[in-house]
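The values are calculated or read from the model by the stated rules, or taken from the named source; none is laboratory data. Predicted, not measured: the structure shown is a model, and the values here were computed from it. Counting neighbours? That spans all protein chains shown, and the Cβs are built from the backbone with ideal geometry, glycine included. Just the protein is used for accessible areas: all its heavy atoms, side chains included, with ligands, DNA and RNA removed. Shrake-Rupley method; radii C 1.70, N 1.55, O 1.52, S 1.80 Å.
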Amino acid sequence: MLRFAAIFALGLPLAACASTPPADGMITLTGSIAYRERVALPPSARIEVRLDDVSLADAPARTLARQEFAADGKQVPFAFSLTVDRAQIDPRHSYAVAARISDGEGKLMFVTDTRNSVAFDTGATVDMGTLMLVMTR
């Protein structure tokens, strides 16, 4: 009986560890970007997608993950994938994904104009769906 109690007492904390997901690890945000205007992008267009900590209203956002690539003559929609270390995520903070498309000279063509909030309460992957960009003037 004493042996059974000792095994049970040692096994209980291990069982609790097995049922709790690891706090560390990577989180991947996926989705795509598009726009409604019927405008072809120049072959030299550049796409940038960022995950930002937007918690502080009176300070610039802090970028946690960023993907930048050339359009290479392709047109929207463009898929994106951002990876961030779970240790960088503070549950008290607010996070959002922003995207932009610039021409070959760096002039802004399209940008997200709404906040695309991210909830990290799900698993290791967050699907952002399609983020819609608007044309700049």
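Some points to look at:
Conditions tested, residue by residue: (1) modelled with pLDDT of 95 or more; (2) among the acidic types (Asp, Glu); (3) under 22 Å from Gly129 (Cβ atoms).
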{"position": "Ala59", "(1), (2), (3)": "no, no, no"}
{"position": "Ala65", "(1), (2), (3)": "yes, no, yes"}
{"position": "Ala70", "(1), (2), (3)": "yes, no, no"}
{"position": "Ala79", "(1), (2), (3)": "yes, no, yes"}
{"position": "Tyr95", "(1), (2), (3)": "yes, no, yes"}
{"position": "Ile101", "(1), (2), (3)": "yes, no, yes"}
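- Index of the failed condition, Val97 passing every other in (1) under 24 Å from Arg137 (Cα atoms); (2) in contact with a Pro (Cβ under 8 Å, 6 or more places away or on another chain): (2)
- Taken as a whole, the structure places Arg50 among residues that are among the charged types (D, E, K, R), in contact (Cβ under 8 Å) with a residue 40 or more places away in the chain and closer than 30 Å to Gly25 by Cα.
- Hits in the stretch 55-81 - residues which are open to solvent by less than 70 Å² (accessible area, probe 1.4 Å), part of a strand (DSSP E or B) and either closer than 22 Å to Ala34 by Cα or touching a Pro at 6+ places or on another chain (Cβ under 7 Å) (or both): Thr63, Ala65, Gln67, Phe69, Ala70, Phe78, Phe80, Ser81
- Candidates Arg92, Arg86, filtered to the one that is more than 13 Å from the chain's Cα centre (by Cα) and either open to solvent by 50 Å² or more (accessible area, probe 1.4 Å) or among the polar types (S, T, N, Q) (or both): Arg92
- When each of Asp113, Asp52 is tested for being outside any strand (DSSP E or B), modelled with pLDDT of 95 or more and within 17 Å of Leu131 (Cβ to Cβ), the lone residue that passes is Asp113.
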